[in-house]
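Each remark here refers to the structure printed beneath this line.
The values are calculated or read from the model by the stated rules, or taken from the named source; none is laboratory data. Worth saying up front: this structure is predicted, and the values here are computed from it rather than measured. Here the Cβ positions follow ideal geometry from the backbone for every residue, glycine too, while neighbour counts run over all protein chains shown. Side chains included, ligands, DNA and RNA excluded: accessible areas come from the protein's heavy atoms. Shrake-Rupley method; radii C 1.70, N 1.55, O 1.52, S 1.80 Å.
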Amino acid sequence: MRISARTDYAIRAMAELARTPDAPQKAEQLSGSQDIPLRFLLSILRELRQHRLVLSSRGPEGGYRLARPPNEISIADVIRAIDGSLASFRDLTLSDLSYPGAAASLPDVWRAVRVSLRQVLERVTLADLAFGELPPSVREQAQEYRDDRRYR
């Protein structure tokens, strides 16, 4: 899975909003706190608003805030709003995918990859990110990654 800069920025901005879910934040605040170019952030916020993940209000007390509590918005929700599917394989539906001969079991590998991604990305919420309290299974997988010499 490849995460675009746009998606990375969206997740970071949403995590920042999750820190103070009841207080709207100006785009300039979000831009500065997460080092995201303002014009780029504004287009991302527009997209997140269209997908009903953020609300915006005008005026001196206005700004952006989460549309739902941060513990009800997963990283997967943000990725789907910005990029669509969590993992795509040659733009094919995995349920219909089949290969001949020696590669016949490869579609099951792709299915397992998609399930693994969903298990992590749907389990981690914006509240988890904002307060650094990742689910134990995610912390364990991250530690496994850090410990594996192949990833260094």
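The mean accessible area for residues of the stretch 2-47, using a 1.4 Å probe and ignoring ligands and nucleic acids, is 53 Å² per residue.
Over the chain, DSSP H runs of length four or greater, each weighted -39,500 (n - 2.57), average out per residue to a 222 nm ellipticity of -16000 deg cm²/dmol.
Three principal axis extents describe the C-alpha atoms of the chain; from largest down they are 65, 34, 26 Å. The angle between the Cα long axis of helix 38-50 and the longest principal axis of the Cα atoms of the chain comes to about 70 degrees, rounded to the nearest 10.
For the chain, a Gaussian network of Cα nodes joined below 10 Å ranks L129, L106, L38 by mean-square fluctuation, and the top entry is L106. Placing +1 on the Cβ of every Lys and Arg and -1 on the Cβ of every Asp and Glu, with nothing else charged, gives the chain a dipole about its Cα centre of roughly 300 debye. Note on the chain: dipole from Cβ charges, positive end direction compared against L17, S33, S43; the farthest Cα belongs to S43. Counted over all Cα-Cα pairs of the stretch 1-77, pairs farther apart than 19 Å make up 27 percent. Seen against the Cα atoms of the chain and their longest principal axis, helix 106-123 is set at about 30 degrees.
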